[in-house]
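Rule-based calculations on the coordinates, nothing more; no lab input. Bear in mind the structure is a predicted one, so any value in this text is a computation, not a measurement. Backbone-built Cβ (ideal geometry, glycine too); neighbour counts: all protein chains shown.
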Amino acid sequence: MFIQTEDTPNPQSMKFVPGRPVLGAGELGIDFPTMETAAAGSPLAALLFETDGVMGVYLGADFITVTKAEAVEWVHVKPAILGAIADFFTAGLPVLTEGAAQPSAAATSLDDYEGEDREVVEQIIELIETRVRPAVAADGGDIVFKHFEPRTGVVFLSMQGACAGCPSSTMTLKSGIENMLKHYVPEVAKVEAAV
């Protein structure tokens, strides 16, 4: 099995592309920031956490992003990660634990908004889904809408995968995403990272 690797803007994260579906087309990515979340939701993510130095795993439609500890060099963990991914897919095991909670596209439901606020949130989500998420996925990460405060015009987004903790994520939020949203949705005043 050939597994392609790609650097990401985050030097602590690397994207692994096994050449086959991981979660499958159209599926939202799932972030596993700890061994405990991985053990409860994904045998693949749990296996990757067994490699010394692995600090986070993000599963995308057709890729896996692994985040390592800053003190660990890729040259020491990359071969073990490649081997674990190849062995896992060769064994034909399920990527997710049966009954594992699936992510939702947004932290808040559209039902939480009414009238003009709902229309604004629909525009924000559509822009994120069509213009932002594909670009961020190319870098091994994801961005998820969490909440919009109509009174202040603040949009809260969550960065995942390679984007979580990336040195350039603040610039991405402010310079890229905030400017785009403000351009297309005048009700947006600023974008903040959800905590």
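Here is how the numbers come out for the structure above:
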quantity: Loop-located chymotrypsin sites (Phe, Trp or Tyr not before Pro) in region 1-59, at most 11 other Cβ atoms within 10 Å (DSSP); calculated: Phe2
quantity: Cα-based helix-to-principal-axis angle, 115-127 vs the chain, degrees rounded to 10; calculated: 40 degrees
quantity: Antiparallel content of DSSP bridges confined to region 109-195, in %, to 5; calculated: 65 percent
quantity: Restraint check, Lys15/Lys190; Lys68/Lys146; Lys15/Lys78; Lys68/Lys190; Lys146/Lys190, Cα-Cα greater than 20 Å; calculated: Lys15/Lys190; Lys68/Lys146; Lys68/Lys190
quantity: Dipole magnitude (debye, nearest 20) for the chain, charges at Cβ of Lys, Arg, Asp, Glu; calculated: 480 debye
quantity: Taking the chain and dividing mean pair separation by its residue count, relative contact order in percent (alpha carbons under 8 Å, at least six apart); calculated: 22 percent
quantity: Relative contact order (%) - region 4-91, alpha-carbon pairs under 8 angstrom, separation at least six; calculated: 31 percent
quantity: Those aspartates and glutamates that a straight Cα-Cα span of less than 18 Å connects to Lys174, excepting residues fewer than 8 apart in one chain; calculated: Glu129, Asp139, Asp142, Glu149, Glu187, Glu192
quantity: Beta bridges per DSSP with both ends in the chain, % antiparallel, nearest 5; calculated: 85 percent
quantity: Over the chain: helical MRE at 222 nm, DSSP H runs n ≥ 4 each giving -39500 (n - 2.57), nearest 500; calculated: -8500 deg cm²/dmol
quantity: Dipole axis of the chain (+1 Lys, Arg; -1 Asp, Glu on Cβ), positive-most option in Ala138, Leu82, Thr34; calculated: Leu82
quantity: Radius 14 Å from Cβ of Lys182, net charge of other residues (Lys, Arg +1; Asp, Glu -1); calculated: 0
